[in-house]
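Please treat every number below as a calculation from the coordinates, not as lab data. The structure presented is a predicted model; accordingly, all values stated were derived computationally and were not measured. Cβ atoms come from the backbone with ideal geometry, glycine included; neighbour counts cover every protein chain shown.
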Amino acid sequence: MHPDITEILFDADQIALATRQMGQQISADYAGKKLLLVTVLKGAFVFMADLIRNIESPVEVDFMAVTSYGAEAKSSGVVRIIKDLEASIDDYHVLLVEDILDSGLTLNYLRKNLKSRKPLSVEIATLLLKEGKQEVPVDCKYVGLICPDAFVVGYGLDYAENYRNLPYIGILDPKVYS
Ligand code: 5GP
């Protein structure tokens with residue numbers, strides 16, 4: 001285990017199982033539909049890469065990058081798009097793929113933004129959900145794993161751009177950021 005990690009919450013096998021189950025559900029729900037997975041860089045890219053390989057129906061991908069205004073540690077919900085989608089989405093069913101749903105402010109903003117482009121539908125798939133932490137209601141169609149209220153890293157999730165390469169999701173020692 002990495003010395004900065006105090007506890008492994010989800011190991012690679014648990015993540016793989018949750019991803020496989022979500023992929024199967026998405027395959028069933030979107031069979032025969034034109035599906036576009038949209039991922040917000042960078043945190044969700046590892047999850048997206050595994051999720052797409054568990055979806056059997058045809059699927060396309062696109063990426064967005066956003067930056068939050070305001071304090072770093074806490075999401076403000078005021079988001080600036082620094083990389084937008086490459087094409088219009090009006091004839092797609094869009095699935096927004098996220099790494100972790102915390103306050104929900106970022107996803108709430110992004111969902112509204114995507115809806116304004118008039119796709120056939122917009123739903124959300126998140127690997128991790130911090131239950132009870134949402135400051136705005138966010139309707140998530142797919143949730144992989146329930147995460148305790150702690151700052152977690154690994155499997156794409158970072159702190160100051162580090163730890164994304166860990167194959168598991170663990171709690172970061174508060175000593176690292178305090
Ligand atoms: P929200 O707008 O839901 O509060 O924040 C969502 C974003 O904040 C996530 O996509 C992620 O980038 C970041 N975030 C929230 N909680 C955590 C956490 O525990 N660990 C890490 N590494 N990022 C987090």
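Taking R0 as 35 Å, what FRET efficiency do you get between S178 and K34 from their Cβ-Cβ distance, rounded to the nearest 0.05?
E between S178 and K34, to the nearest 0.05, is 0.15.
Ellipticity at 222 nm from helices only: DSSP H runs of n ≥ 4 in the chain, each -39500 (n - 2.57), divided by the residue count, give -6500 deg cm²/dmol. Each Lys and Arg contributes +1 and each Asp and Glu -1, all at the Cβ; summed about the Cα centre of the stretch 44-178, the dipole is approximately 300 debye. Overall size of the stretch 56-178 from C-alpha positions, given as principal axis extents largest first: 48, 36, 27 Å. With a cut-off of 15 Å between beta carbons, the residues surrounding L17 carry a summed charge of -1, where Lys and Arg count +1 and Asp and Glu -1.
Sorting the segments 86-95, 119-128 by their residues' average number of neighbouring beta-carbon atoms within 10 angstrom, most packed first, yields 119-128, 86-95.
Excluding same-chain neighbours fewer than eight residues apart, the lysines reachable from K34 by a Cα-Cα span under 28 Å are K42, K83, K112, K115, K118, K141.
Between amide H atoms placed 1.01 Å from N, distances below 5 Å from L101 occur with L128, L129, K130, all of them 5 or more places distant or on a separate chain.
Each residue, L41 and K115, gets one label point 7 Å from its Cα in the Cβ direction; the gap between the two is 2.7 nm.
Against the chain, whose longest principal axis is taken from its Cα atoms, helix 12-29 shows a tilt of about 20°. Here the alpha carbons of the stretch 1-115 define both size measures, Rg and Dmax, at 15.5, 47 Å. When the charge dipole of the stretch 103-178 is built from unit charges on Cβ atoms (+1 for Lys and Arg, -1 for Asp and Glu) and taken about the Cα centre, the candidate among V152, I124, N162 whose Cα reaches farthest toward its positive end is I124.
Sorted by mean Cβ packing within 10 Å, highest first, what order do the peptides 16-24, 35-43 take?
On the way: 16-24: 17.1, 35-43: 20.4.
The peptides rank, most packed first, as 35-43, 16-24.
Computed extension length for D62-I82: 5.8 nm, one decimal, from 0.36 nm per residue of separation with the Cα-Cα distance subtracted.
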